[in-house]
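Q: Take a look at the following structure, please.
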Amino acid sequence: MAKIDLAKVGKNLLKSADTGEKVELQSLWQDQPVVVFFLRRFGCQVCRWMASEISKLEPYLRANGVSLVGVGPEELGLQEFKEGGFFKGSIYVDEEKNCYKDLGFKRYTALNVLPAALGKKVRDISSKAGAAGIQGNFKGDLMQSGGLIIVTKGGEKVLLHFIQDSPGDFVPLDDISTALGISATVKAGQKPVCNDDVCTR
């Protein structure tokens, strides 16, 4: 787990998807522990599936005083994402992508984005998402990767810092509940058989 300078990254501003108000990232963990899921794009089919998966934990997180937050790197696709009901937590936009930079979430290049997007992990999740009726699009910044952090109340400690290597990488739900020391009986989405005609959306 790479070392995070919480004081530095905590000063970065996020825009609330509900109110448009700008808040510092550190305000999210000021009063309670928080799970912050950083999406690649709001229109990304794989990200939408991941958002719906992590949302299965929301009742357990809430019951244990833990906040669930989703952050996207741009506003494009936000309205459709909200209307789709893919995520059960608060949603913010990191318009400057400063959190993404400070947390080490890499950017793909024109050369490596296609192999990453066509990899087996992404195809498998695209297949799962399609089976669950979740679609996506190619609008917006296709080069940004994402990840997840879990921070204790008051920003005392980072319990988990996950950086995507492939667009299909995500934190298993068990790992999230274990990091927080809570128990959650959540059924993870089933892994389907991948078809050759499925690629990232």
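The values are calculated or read from the model by the stated rules, or taken from the named source; none is laboratory data. Here the structure is a predicted model, which is why all the values come from computation and not from measurement. FYI the Cβ positions are ideal-geometry reconstructions off the backbone, even for glycines, and counts take in every protein chain you see. The protein model used for the area step is the full one, side chains on, heavy atoms only, and it has no ligands, DNA or RNA in it. Shrake-Rupley method; radii C 1.70, N 1.55, O 1.52, S 1.80 Å.
Q: Failed condition for E95, given (1) over 12 Å from the mean Cα position of the chain (by Cα); (2) touching a residue at least 60 places away in the same chain (Cβ under 8 Å); (3) buried (at least 17 other Cβ atoms within 10 Å of the Cβ), with all others met?
A: Of (1) over 12 Å from the mean Cα position of the chain (by Cα); (2) touching a residue at least 60 places away in the same chain (Cβ under 8 Å); (3) buried (at least 17 other Cβ atoms within 10 Å of the Cβ), only one is false for E95: (3).
Q: So P167 clears everything in (1) of a type outside the set (V, I, T); (2) crowded, with 17+ Cβ neighbours inside 10 Å; (3) closer than 15 Å to V36 by Cβ except one condition, right? Which one?
A: Among (1) of a type outside the set (V, I, T); (2) crowded, with 17+ Cβ neighbours inside 10 Å; (3) closer than 15 Å to V36 by Cβ, P167 violates only (3).
Q: Write out, first by first residue and then by second, each pair whose Cβ atoms fall under 7 Å of each other, whose residues are 6+ apart or on separate chains, and whose first residue, in segment 12-40, is over 14 Å from N98 (Cα atoms) and hydroxyl-bearing (S, T, Y) while the second is assigned to a strand (DSSP E or B) and open to solvent by 10 Å² or more (accessible area, probe 1.4 Å).
A: Close Cβ pairs satisfying both conditions: S16/V23; S16/Y92.
Q: Tell me which residues, restricted to segment 1-27, are within 20 Å of I176 (Cα to Cα) and touching a Leu at 6+ places or on another chain (Cβ under 8 Å).
A: Within segment 1-27, M1, I4, L25, Q26 meet the criteria.
Q: Filter segment 137-163 down to the residues that are surrounded by fewer than 21 Cβ atoms within 10 Å (Cβ to Cβ), farther than 22 Å from N64 by Cα and in contact (Cβ under 8 Å) with a residue 60 or more places away in the chain, then identify the one that is nearest to the chain's Cα centre (by Cα).
A: Looking at the filtered set, the residue picked out is I163.
Q: Can you pull out every residue in segment 59-87 that is closer than 23 Å to L103 by Cα and charged (D, E, K, R)?
A: Hits for segment 59-87 are E74, E75.
Q: Every residue in segment 59-76 that is aliphatic (A, V, I, L, M) and over 23 Å from D31 (Cβ atoms), please.
A: Selection gives L76 alone.
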